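Novice: This is the structure I have questions about; it appears just below.
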């Protein structure tokens, strides 16, 4: 599938002003042993916005997500999630904050020993909700990802795409304010990838959830920038050319441990940086 | 493919060792303090108790019986030479209750469960399931480590009692038919010479060994690095480290008990 043409209209007001930031990185650096993975990274994710994070393998994209949810701590700099500084939070304090943030891991990270419904209901069961309430919400969210039939199945019985959709269901069951996707379409065929992209767009446009999405696939992000979810038809539809920038979508490109681009689709399309032009071509 | 050997300085090795000891100590301490910080996952603890306790029962029965029988067989040849075959029950009971029962049970369960814990937790690490658990707001030390530590410590205590009893039965199965030791004489000498010190030692050791088995298995599992190859490495290291620690702790506990209660 070739990448759709990038929208080149003027920047939109849909990308919210920095005052309402869901995630804010300020001069964040992290190194593993002697290898600097991220250096002085600063960017903001506005509420309701989806930001696609690009970069070659090993450029620190997954590390960025793990920092954003407090699974890793930076060597320096500050990270704010939903207005709270998480850099110096203790693990129990982070557990509280993580109830408002969902994450979809690269390989789904479903619990092998649990059935699909137990995986999806995990957080609700931990919170001690009544069984009927849990079942209702699990069925509802599995219906959202169109996998209600897998309710009693084990993760090992699912295909890669189905596992990814169950992981999305697990992440969104508590209606988090922020979602983090780590290569949600990585290793999937184009049809399944499109289904996942549609789910992410649905989550963005229907529930207005802020999201950071790490991906290698430019075409996925471009599809998201040029489409919106139509609730009437329950389908993702392409926007007319003049409305591309109405979508709350932005792009972040990492290179050599640094941010080399942070902006909307229009700015990306008109960038004069040789590396970026080559990257998006 | 060229084989590259990297030389590591003794300073680096020593530093790694100190860091490992520190991390192991912290994990062990946390596994204990978690018992007093809710939530306590009783369901997981019962599941682990079933896996460790009931699952290890066949191997413990087999080793308990055979070690008791072998102890009696070996002791009999020496005792017969001095006309002291009547004391065979005493020798078997002291050997089994204070030393071989706890040690053999500990080593068997270490081989079976330390490896199992290391591989299970290691696999969860490399497939990001532990990260997922943390991201879902659950403390993995509470959910995964504390139930294993509680279950292993509790179940090893009872497994050792079973191994001791079967060892004594194994000893009787050799002493009575092969060496003509009277049934009443055997069982009287079994319990008559056991003193508080022996029973206390025999019941203290499995508690310590159970704790070692679970904490070492969990430590190696949780510190797994390097994909599936790393899981294999952690599994092997867990069995070796748990077995060595059991042998070392066994020696020092025995020495300490003798120092406290005396040798007589």
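Novice: Kindly indicate whether residue B:155 is more than 14 Å from every other protein chain (Cβ to nearest Cβ), closer than 30 Å to residue A:122 by Cα and modelled with pLDDT of 95 or more.
Specialist: So residue B:155 fits the description; yes.
Novice: If you don't mind, another one. Out of B:201, B:254, B:224, B:228, I need the residue that is part of a helix (DSSP H, G or I), in contact (Cβ under 8 Å) with a residue 24 or more places away in the chain and surrounded by 18 or more Cβ atoms within 10 Å (Cβ to Cβ). Which one?
Specialist: After applying the criteria, what remains is B:201.
Novice: Which pairs turn up if I take residues in region A:12-27 that are at positive phi and look for partners that are surrounded by 13 or more Cβ atoms within 10 Å (Cβ to Cβ) and modelled with pLDDT of 50 or more with beta carbon separation below 6 Å, at least 6 apart in sequence or on another chain?
Specialist: Filtered contacts from region A:12-27: A:27/A:40; A:27/A:42; A:27/A:77.
Novice: Moving to a separate point now. Every residue in region A:231-281 that is part of a loop (DSSP other than H, G, I, E, B), more than 23 Å from the chain's Cα centre (by Cα) and in contact (Cβ under 8 Å) with a residue 24 or more places away in the chain, please.
Specialist: Across region A:231-281, the qualifying residue is only A:270.
Novice: Take region B:159-180 and flag every residue that is within 17 Å of residue B:102 (Cβ to Cβ) and out of contact with any helix residue (DSSP H, G or I) (no Cβ under 7 Å at 6 or more places or on another chain).
Specialist: If the condition is that a residue be within 17 Å of residue B:102 (Cβ to Cβ) and out of contact with any helix residue (DSSP H, G or I) (no Cβ under 7 Å at 6 or more places or on another chain), then B:161, B:165 are the ones that fit.
The values are calculated or read from the model by the stated rules, or taken from the named source; none is laboratory data. Treat the numbers as computed from the prediction; the structure is a model and nothing was measured. In this analysis, Cβ positions are derived from the backbone assuming ideal geometry, glycine residues included, and neighbour counts consider all displayed protein chains.
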